[in-house]
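Trainee: One structure coming up, written as structure tokens, with questions to follow.
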Amino acid sequence: METYLVSFGSDYKRKPHPVLGYWPLLGDDAVLSVEADDKGEAREKVHALIGPAWCAIYGPTDSPGWDYRYLGSLYAAVKDPKPKDWTVGVSVTVDTDGKLTLNLEDLTLDLTSEGAALSVIADLEDRMTFWQPSVVWVKREPSTP
């Protein structure tokens with residue numbers, strides 16, 4: 001048996017992998033490994049585990065051509081996939097003057113407590129810097145009978 005490395009390209013940096021879930025490291029030159037007798041068997045095992053959702057397989061003597069990060073066994077990653085999403089709380093408060101305020105909970109605190117990877121938290125914080133939610137409150141006229 002030899003160890004083969006499975007890469008994922010950049011597709012899954014910002015979107016969830018269909019089997020492994022949201023794992024941005026897959027898009028950062030990261031690889032998972034699979035044990036096989038030859039490259040053909042490695043391809044069959046990878047396809048059986050995750051279908052076509054991968055980029056390339058490198059053999060024990062192949063150089064991927066970059067400084068990759070080893071994430072562990074593909075079997076373990078499939079057995080224990082990363083979450084596909086997390087919940088961030090939103091609330092509305094009303095002060096004594098009747099002013100309504102939309103509040104987003106602290107992303108870092110919220111996502112850390114849910115076990116999100118630091119790369120996920122950093123990515124979402126970057127996105128929130130540019131996306132500021134706004135709400136327009138409209139008073140609805142009472143219906144007449």
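The values are calculated or read from the model by the stated rules, or taken from the named source; none is laboratory data. Everything quoted here is computed from the prediction, not taken from an experiment. Ideal geometry is used to build each Cβ from the backbone, glycine not excepted, and the neighbour counts take in all protein chains shown.
Trainee: How many of the residues making up segment 49-92 are part of a loop (DSSP other than H, G, I, E, B), of a type in the set (Lys, Arg) and touching an Asp or Glu at 6+ places or on another chain (Cβ under 7 Å)?
Mentor: Counting residues in segment 49-92 that are part of a loop (DSSP other than H, G, I, E, B), of a type in the set (Lys, Arg) and touching an Asp or Glu at 6+ places or on another chain (Cβ under 7 Å) gives 0.
Trainee: May I pose another question? In segment 23-36, how many are crowded, with 21+ Cβ neighbours inside 10 Å and either touching a residue at least 60 places away in the same chain (Cβ under 8 Å) or not assigned by TED's automatic domain parsing to the domain that holds Ala48 (or both)?
Mentor: The qualifying residues number 1.
Trainee: Just checking, which of Ser33, Ser10 is among the hydroxyl-bearing types (Ser, Thr, Tyr) and assigned to a loop (DSSP other than H, G, I, E, B)?
Mentor: Ser10
Trainee: Filter segment 26-38 for residues that are of a type outside the set (Gly, Ala, Ser) and more than 15 Å from Val78 (Cα to Cα); which is modelled with the lowest pLDDT?
Mentor: Asp28
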